[in-house]
Amino acid sequence: MFDFQHPAPGQGGFPKGLFLALFAPVALLIVGGSWYLGRERVEEEMALIRAAEIGNVVMAVRRLDDELRTPLRQLRTLADADALKRGVAGPDPSGIQAAFADLIVYEDHYDKVRWIDGDGMERVRVNNVAGRPVAQLGAQLQNLGDAYYVKETRGLKPGEVYVSPMDLNVEYGRVEKPYKPTLRLITPVVGTDGRSHGVLVLDVAAQGLLDAFTSSLTDARDHAMLLNSAGYWLKSPDSEGEWAFMFGRDDTLAKRSPAAWQALSAMPSGQVELDDGMWTWSTVYPLKVDDGHAASHIPVWLVAAHLPSEQLVPLQHAAWRTVGFYMAALLIIYAAVAAGLAQAVVGRARAMGAAAQAQAEAEAARRLSQARERFRLMVEGNTNGLLVADRTGRIVLANSALARMFGYRSEDLLEQPLDCLLPESVPGDHGRMFAAYMANPTARPMGQGRELKGRRADGSEFPIEISLSPFDENGEPFVDAFVADISDRKRVEQRHRRVEARLQLMMQTSPVGLMVVDDQGAIEMANPSLERMFGYGRGELFNQPLTRLIPKANAAQWRQDHMDASPARAPGPRLELEGVRKDGQGFAILVGLAAFEEDGRTYVQATVTEAVRAA
């Protein structure tokens, strides 16, 4: 089977045929294994990059989430202060100035605090100048009747709050320089006389939020960005693109990268690889309200990280270079061994050839036998199933691993047709297809895109993977096949699919209301039974506060009883609480609670059923 052509005694030159016969099969194994390892290495690198990008975005979102809750509380406290109510109703605004100054001293992240009357005129204004409150007087006070945030707040009712978009501060009709990113919280002012006297405006210096956003991006500062809901950049590695809407420029992510904006605007968070690179994003809610009249026009931002393909491709190339280096080293080492072995065999044959042609032929036959034995040992030592078939589809070589896999002895498979290893369900024209393959052989995986099965000696079938490598010997075509039993992998995959399907079915079909609440009181998950119980549509309860379903008092009892408990505690006794449907109707519910911990945070799993009250 391996009848190599040796140079005749006295002939010179390198024995290329013998070298290639020794080198080619192992070289194919090395190249094939390196290609497989290279793909795995690239995928591992990409998985690390994806995880790192998601981690960077999550850190930024957590830093900005619900950042306006404290300003909202302080705005309401200031609006209810006696000094403000008396000042707006009386002639002396000094008490208002003092209250504004105290707030700036207490909280230096406010740029200014203002009282604007119903005509849009600033009546009292205290600026934050390097951490000191400075009152503006006389001509320093501006008429802001045409400002968009004054116009949009004229219809506010007492107690309502308007939150402006983040933009740049404008003074006397011009954008202030250096730029001052600003968020404004506005609420009506009611005096001691019970009348409305304009609005109270709290200007939050948003540069601190943007700086915190940047500092949270440990490894993504060069490619992460913060966008508003219209796709304009509030913070970007390219500062030229920031605040375009303030200067009348239509420079948005939708204009620069329509495909990326379509993906980002389609869902609150996600990760996608496009032609221009990898995009990772998540939505930021700077104010999460928990009552019906808390605020309006609350801005929503997007944290996005864009890793350009120009950065991804070198990382992939680096992984391939590493694998290629080791592949080349193995090929060079084995080439040297094969060359040395070939030259040694031929050199000895030449030395022996001077005695007699017959003795030279006998020596050559002995060495051929040795080569066959070495090849046999290499085949037998392979842990994968390996066979060699001739042009007619007859098995001419099978190693022990393949024989054990199919329940045969190696010698029982010799000269047997390949059909003996195939299921009876395989079409009868397999022989014709094999002949067509041998007429135009190429190295390729057989059965790509469909399931392949083998048949054991006892008739049982099992899933396999096969790769084919054709070669010629003395003008005769052969093909070697590497066969792997993937039964264990298939069983694991099937078990995982069954478990996932069962859990999903249990969740969706459970007649009992189920939900999960995080440690901030937000609903992370609600099944269809719970949504129907409270009158909500599919997905409406996601990220909503628990107080949408349970009054604050009951929610506080819930939190004290389970959120402060140790993680993974057993379910406690069922609580009888008051629930509130979407239409505001109250009803009695029974709630069973159990706490668990995930990623360092404590969650509560709740089972909810409607209680039947005694008549």
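The values are calculated or read from the model by the stated rules, or taken from the named source; none is laboratory data. Just so it is clear, the structure is predicted and the values come from calculations on it, not from any experiment. Counting neighbours? That spans all protein chains shown, and the Cβs are built from the backbone with ideal geometry, glycine included. The protein model used for the area step is the full one, side chains on, heavy atoms only, and it has no ligands, DNA or RNA in it. Shrake-Rupley method; radii C 1.70, N 1.55, O 1.52, S 1.80 Å.
Table for the structure above
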{"read-out": "Accessible surface of Ser425 - all protein chains present, 1.4 Å probe, nearest 10 Å²", "value": "100 Å²"}
{"read-out": "Reach of Lys85 by Cα under 17 Å, taken over aspartates and glutamates that are not fewer than 8 positions away in the same chain", "value": "Asp102, Asp117, Glu122, Glu160, Asp193"}
{"read-out": "Positive-end residue, the chain charge dipole about Cα centroid, Cβ charges, pick of Leu144, Val161, Ser34", "value": "Ser34"}
{"read-out": "Reachable lysines from Lys453, criterion Cα separation under 29 angstrom, eight or more residues apart if same chain", "value": "Lys490"}
{"read-out": "Between 0 and 90°, nearest 10: helix 357-381 axis offset from the chain longest Cα axis", "value": "30 degrees"}
{"read-out": "22 Å Cα-Cα reach of Lys255 towards lysines, excluding residues that sit fewer than 8 places from it in its own chain", "value": "Lys235"}
{"read-out": "Carbon plus sulfur fraction of accessible area for the range 382-490, probe 1.4 Å, in percent", "value": "49 percent"}
{"read-out": "Extension gain (nm, one decimal) between Arg495 and Asp472, 0.36 nm per residue minus Cα-Cα", "value": "4.0 nm"}
{"read-out": "Charge tally in the Cβ shell below 12 Å around Ala344, where Lys, Arg are +1 and Asp, Glu are -1, Ala344 excluded", "value": "+3"}
{"read-out": "Using alpha-carbon coordinates, inclination of helix 69-79 to the longest axis of the chain, degrees", "value": "10 degrees"}
{"read-out": "Approximate spin-label separation Arg432-Arg456, in nm, with each point projected 7 Å along Cα-to-Cβ", "value": "3.3 nm"}
{"read-out": "Heavy-atom SASA rank of His317, His306, His109 (probe 1.4 Å, accessible area, largest first)", "value": "His317, His109, His306"}
{"read-out": "Sorted peptide list for 494-505, 178-189, 13-24, criterion being average Cβ within 10 angstrom, highest first", "value": "178-189, 13-24, 494-505"}
{"read-out": "The chain: angle of helix 94-106 to the longest principal axis, Cα-based, in degrees nearest 10", "value": "20 degrees"}
{"read-out": "Farthest toward positive dipole pole in the chain [+1 Lys/Arg, -1 Asp/Glu at C-beta], among Val612, Ser94, Leu468", "value": "Leu468"}
{"read-out": "Listed residues Val201, Gln508, Leu530: farthest to the positive end of the dipole of the chain (Cβ charges)", "value": "Gln508"}
{"read-out": "Rounded FRET efficiency, nearest 0.05, which uses the C-beta distance separating Ser215 from Ser94 and R0 of 30 Å", "value": "0.15"}
{"read-out": "About the Cα centre, charge dipole magnitude for the range 382-490 (Lys/Arg +1, Asp/Glu -1 at Cβ), debye", "value": "320 debye"}
{"read-out": "Distance between the range 225-261 and the range 530-547 - C-alpha centres, whole angstrom", "value": "34 Å"}
{"read-out": "Whole-Hz ³J(HN,Hα) from phi, Karplus 6.51 cos²θ - 1.76 cosθ + 1.60, for the range 406-414, glycine and proline x", "value": "9, x, 10, 8, 4, 5, 5, 8, 5"}
{"read-out": "Residue-by-residue Karplus 3J(HN,Hα) for the range 189-205, coefficients 6.51, -1.76, 1.60, Hz, glycine and proline x", "value": "10, 10, x, 5, 7, x, 9, 7, 10, x, 9, 9, 10, 10, 8, 8, 6"}
{"read-out": "Amide H contacts of Leu422 (H built 1.01 Å from N, under 5 Å, at least 5 apart or other chain)", "value": "Arg455"}
{"read-out": "Vicinal HN-Hα couplings computed from phi for the range 130-138 (Karplus, 6.51 cos²θ - 1.76 cosθ + 1.60; Hz; Gly/Pro x)", "value": "6, x, 10, x, 10, 6, 9, 10, x"}
{"read-out": "Nearest-0.05 FRET efficiency for Lys151 and Glu578, computed from C-beta distance (R0 30 Å)", "value": "0.15"}
{"read-out": "Accessible area of Ile333 in the full protein assembly, 1.4 Å probe (Å², nearest 10)", "value": "110 Å²"}
{"read-out": "Interchain or long-range residues, amide H under 5 Å from Val284's placed H", "value": "Trp301, Leu302, Val303"}
{"read-out": "Solvent-accessible area per residue for the range 146-275 (1.4 angstrom probe, square angstrom)", "value": "48 Å²"}
{"read-out": "Listed pairs Lys151/Lys180; Lys288/Lys552; Lys112/Lys177 exceeding 18 Å between Cα atoms", "value": "Lys151/Lys180"}
{"read-out": "Label-point gap, in nm, between Arg86 and Leu37 - each point 7 angstrom along Cα→Cβ", "value": "8.3 nm"}
{"read-out": "Simple spin-label estimate for Arg132 and Met246 in nanometres, 7 Å along Cα-Cβ", "value": "2.6 nm"}
{"read-out": "Protection proxy ranking of 147-159, 190-202 - average other beta-carbon atoms within 10 Å, highest first", "value": "190-202, 147-159"}
{"read-out": "Accessible area of Met525 in the full protein assembly, 1.4 Å probe (Å², nearest 10)", "value": "60 Å²"}
{"read-out": "Candidate values (1) 1.19; (2) 1.06; (3) 1.03, label of the one derived for Rg/Rh (Cα atoms, Kirkwood Rh)", "value": "(1)"}
{"read-out": "Two-site FRET efficiency, Val175 against Gln508, from Cβ-Cβ distance with R₀ of 41 Å, rounded to 0.05", "value": "0.20"}
